[in-house]
Structure formats: structure tokens, C-alpha cells
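Remarks on the structure that follows.
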Amino acid sequence: MADERRLPADPEIVAYATQGAFFTVYDCLDIGKVKVEVATYERGQGQTARAVAYLDAADLRPLVHALKAGQFEALFGGRFESFGGSQRQGSVESRILRLEHDPGEGGRFSRFPLRLTVTNGPGKLTPNGAITPAGEPAARVSIRFPLLDLLRLLLEVEAYLDAYLAANVERLRSERAALEATLTYVRSDEYVMRVAREELNKVQPGDHRVVVITRAAPPATPVPTPTPAGAPVASSNW
């Protein structure tokens, strides 16, 4: 189970709002995940509920491509779920992200057929170290999307992921080039000779070792301060 403890602020990748809900995706790619936040609000009251889940970056691509190819029903049976959570100070929290194709009874939500629900609540550890829900959730927050809107958002997240991976590849290439240059140098005769002379005190045939001996300077002799003419001379009685 990945350690999901993070700094309070994560870079925002995309954000989306409806009349009563917010959807935001944040960059947590240093742990291989994106953070998904869903919150509801009411005018005059502000935020009324909030839930957060973490989605593995590896799970994002098949989800995006299933939606893009119109294969969400065929590949996921109309429901995608991601289970996770964290353990802190002896308590276990469960986090579930669920995306469903749900047009509603009689096509009531046919314009917004995709429902994303994030659930947070108490959890328990399984023998293999996973986390499953344990009891009633503390928060369950949903938001609905038209297919085109959700696909656009997820494609933006995928493009961000691609850019992140490309930047990491370039960084790794630079680090590898620097390591290869260092390896080439330490295998060179120049490096061997420098270490032999400077660290091992070795000399080549025909060279002469010069040892510089330094002596401590003698202590300075104090110079008496002359007494001005006419100035009283201090004396003491024995």
C-alpha cells in the first residue's frame, strides 16, 4: 500500500463545476496517483460535503480509452471501481472511487449519464495489506457528467500524465549521461594517476617526491610601551 501522506497543496490538473458540485483532479504523480476530489455546495451555505480518493495513473489510461472508444459498458460492465485508503495513527480510512453509467429511470439523466461517486469512511486491513470499507461511510459525494465533458477532462489529465512522464524520461537521460561521463573519467589513466599522487602518495619512476615541512612561527616578543617624558612613574612600597 502506497504512503499517501502528502503536503497540503498538490498542483491542480483540471477542475469542473456544475450547479451544485465541484470536481477537481490534482497531481500526486510522485506516488503514481492522481487525487480526485468531489465536493457539493449550496448557495448561501458554501460547501456541504467533500470526499477524496486516489486513482492509480496506470488505471487512468484504460478508463480514458474505454470511454473514447465507446467500450465502457463492454470492458467495465458499466461500472469502474477503485478501492484504496490509508492508515494513520492506528486508524484506517477507506476511499472508494466509482464511475457508473446510470441514465436514471426512464432516461431521467440521459444528458448526464455518467455518475462519479467518491466515498470516504472507516476501513479495515485485509490479510494482503489492502483496505476495505468497515461500517457506514463518513462521506459519499457524487457528481454527474455528460460523456463529452468527462472525456475532455480525462483526456486533459492523460495529456498531463504524458508530459510528466516525458519530463521524467528527459531527466533520467540527463542523469544517465552524467553518470556515464563520471564512469568514463574514473576509468581513465588521468583519474588513476591523480588518486595515486594526491591520495595514496605514489610517484612514477623518475619522479621525485617533495615533502614540504612547515614550522610553527616563534611567539612574538612583546614591545614595551615608552613612558612619555614628564609623566608620573607609578611606584610601590615594599
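Nothing in this text is a laboratory measurement; each read-out follows from the coordinates by a stated rule. Bear in mind the structure is a predicted one, so any value in this text is a computation, not a measurement. Note that each Cβ is placed from the backbone with ideal geometry, even for glycine, and that neighbours are counted across all protein chains shown.
Over the chain, the alpha carbon radius of gyration divided by the compact-protein estimate 2.2 N^0.38 Å works out to 2.01. Counting other Cβ atoms within 10 Å as a rough exposure proxy, the listed residues Y41, Y185 run Y185, Y41 from fewest neighbours to most.
Highest GNM mean-square fluctuation among R98, R197, R176, for the chain modelled with Cα contacts below 10 Å: R197.
The string of couplings for the stretch 108-113 from the Karplus curve (6.51, -1.76, 1.60, θ = phi - 60°) is 4, 10, 4, 7, 10, x Hz, one whole number per residue in order, with x for Gly and Pro.
With respect to the chain, whose longest principal axis is taken over its alpha-carbon atoms, helix 57-68 is tilted by about 30°.
Taking the number of Cβ atoms within 10 Å of each Cβ as an exposure proxy, the fewest-first ranking of H101, H208 is H208, H101. Phi-derived couplings, Karplus 6.51 cos²θ - 1.76 cosθ + 1.60 at θ = phi - 60°, listed residue by residue for the stretch 130-137: 7, 10, 10, x, 9, x, 5, x Hz, with x used for Gly and Pro.
When Rg and the Kirkwood radius Rh are both evaluated on Cα atoms of the stretch 1-119, their ratio Rg/Rh stands at 0.98.
Summary value for the chain: 13 percent relative contact order, contacts being C-alpha pairs under 8 angstrom separated by 6+ residues.
Partner lysines whose Cα lies under 23 Å from the Cα of K68, excluding those fewer than 8 positions away in the same chain, are identified as K33, K35.
The aspartates and glutamates whose alpha-carbon is closer than 14 Å to the alpha-carbon of K124, local same-chain residues fewer than 8 away aside, are E93, E136.
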